[in-house]
Amino acid sequence: MSGFVSFVGSGPGDPELLTLKAAARLKAADAVLFDDLSSAAMLGHVRPGAELVAVGKRAGRPSPRQDHVSRLLVDYATGGARVVRLKSGDPGIFGRLEEEITACRAADIGFEIIPGVSSASAAAAAAGIPLTRRLSARRVQFLTGHDVRGALPEGMRMAALADPEATTVVFMPRRTFAELAELLIAAGLPPQTPALLAENVSHPDQALTWSSVGGLRDILAGDAAGAAPALILYGPLAGGAE
């Protein structure tokens, strides 16, 4: 008898942002495959005796291959286990969710997706700003700061990313934002466009750096090796209250 996989978003790290549904799935799980950024207090909801398997990926560090993680999900579920795949933030936003769903479908394993609070929403909330504004910020766009090679993704639509009336959130930006900022400025985005660097969002050591696209370019060009999880939000709302 096949088991079942629950893809669960743990939110950005604050245990109070975990949804009730996510907590219920953790309590019922036979096995939990968790990311580095979704462990700690979240695993306190897991019942005694459940298997805990760390499968997190961190830039610049040794980490499991994606096909290995997908194989583990299938193996546990094929054996009849109720499996939780615990992902940081929201699993559908740069969380390699599609590869794991594909593996479940290929093995005829049932699954569900339980959304979590995205670090983008949590960063805006921590900064006391919305992600949208009538008339001047009516579009929100998400961008990953690196591809599978760790480099800035190719084929980006710079006209859209340089839109001064959009709120743009760059996930995993630390190593490549200086390069991205140069491209944005070359595409017409003013270097003084407000920008916010949010690190360790919702954790006790959270840090918010208010600056501009040009300012963060200069900051990260000299110090892009920090280990703290980070994102950058730029656009008309990233300057805070007017």
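The values are calculated or read from the model by the stated rules, or taken from the named source; none is laboratory data. From a predicted model like this one, the values you see are computed outputs, not experimental measurements. Heads up, the Cβs are rebuilt from the backbone with ideal geometry, glycines too, and the neighbour counts pull from every protein chain shown.
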Q) Does D67 satisfy being part of a loop (DSSP other than H, G, I, E, B) and farther than 26 Å from E199 by Cα? A) no
Q | Meets criteria (under 27 Å from H203 (Cβ atoms) and part of a loop (DSSP other than H, G, I, E, B)) for P190 | A | no
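Every residue, every condition in (1) closer than 17 Å to L237 by Cα; (2) outside any helix (DSSP H, G or I); (3) out of contact with any Phe, Trp or Tyr (no Cβ under 8 Å at 6 or more places or on another chain); (4) not assigned by TED's automatic domain parsing to the domain that holds I219, yes or no:
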{"site": "L135", "(1), (2), (3), (4)": "yes, yes, yes, no"}
{"site": "V140", "(1), (2), (3), (4)": "yes, yes, yes, no"}
{"site": "H146", "(1), (2), (3), (4)": "no, yes, yes, no"}
{"site": "M156", "(1), (2), (3), (4)": "no, yes, yes, no"}
{"site": "R175", "(1), (2), (3), (4)": "no, yes, yes, no"}
{"site": "L180", "(1), (2), (3), (4)": "no, no, yes, no"}
Q | Yes/no for E51 being surrounded by fewer than 18 Cβ atoms within 10 Å (Cβ to Cβ), charged (D, E, K, R), more than 21 Å from the chain's Cα centre (by Cα) and outside the structural domain of S202 (by TED's automatic domain parsing) | A | yes
Q | Which numbered condition L231 fails, given (1) in contact with a strand residue (DSSP E or B) (Cβ under 7 Å, 6 or more places away or on another chain); (2) modelled with pLDDT of 95 or more; (3) over 24 Å from D14 (Cβ atoms) | A | (3)
Q. In the range 89-121, which residue that is out of contact with any Phe, Trp or Tyr (no Cβ under 9 Å at 6 or more places or on another chain) and of a type in the set (S, T, N, Q) is surrounded by the most Cβ atoms within 10 Å (Cβ to Cβ)?
A. S121
Q) What number of residues within the range 207-240 are under 19 Å from the mean Cα position of the chain (by Cα), in a strand (DSSP E or B) and surrounded by 19 or more Cβ atoms within 10 Å (Cβ to Cβ)? A) 5
Q. Could you say which residue among A59, A120 is out of contact with any Cys (no Cβ under 7 Å at 6 or more places or on another chain) and modelled with pLDDT of 95 or more?
A. A120
Q: Looking only at the range 76-121, count how many residues are on the phi > 0 side of the Ramachandran plot and assigned to a strand (DSSP E or B).
A: 1
